[in-house]
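The values are calculated or read from the model by the stated rules, or taken from the named source; none is laboratory data. Keep in mind it's a predicted model, so treat the numbers as computed, not measured. Glycine also receives a Cβ, built like all others from the backbone with ideal geometry; neighbour counts cover every protein chain displayed.
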Amino acid sequence: MDKSDLELKIMSRDTNGDIVEGLLTCPSCQRYYPIVYGVPIMQPDEYREQQLEKPILDRWGVQAALPATTNQ
């Protein structure tokens, strides 16, 4: 696990300007963490369910995959 700064891509905000949907990505290791209903989903790879994340990423037009070491 690296400790690089994450990049933020905002997909939508609410009327207060708070992030509702977005994507955090690590440019170093290529991991991604979707933000859904304002909550970043930052589980370790072994607990992530890529099939649940895929519809969200598809809706955003984002092509992303967990690193090959994931046990999916």
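Within the range 1-42, the set of residues being surrounded by 13 or more Cβ atoms within 10 Å (Cβ to Cβ) and among the aromatic types (Phe, Trp, Tyr) comprises TYR32, TYR33. Scanning the range 13-47 for residues that are more than 19 Å from LYS3 (Cα to Cα) and not β-branched (Val, Ile, Thr) yields ARG13, ASP14, ASN16, GLY17, ASP18, GLU21, GLY22, TYR37, GLY38, TYR47. A search for C-beta distances below 8 Å between a residue of the range 45-65 that is closer than 19 Å to SER12 by Cα and any residue that is of a type in the set (Asp, Glu) and at pLDDT 90 or above, counting only pairs 6+ apart in sequence or on different chains, returns ILE56/GLU21; TRP60/GLU21.
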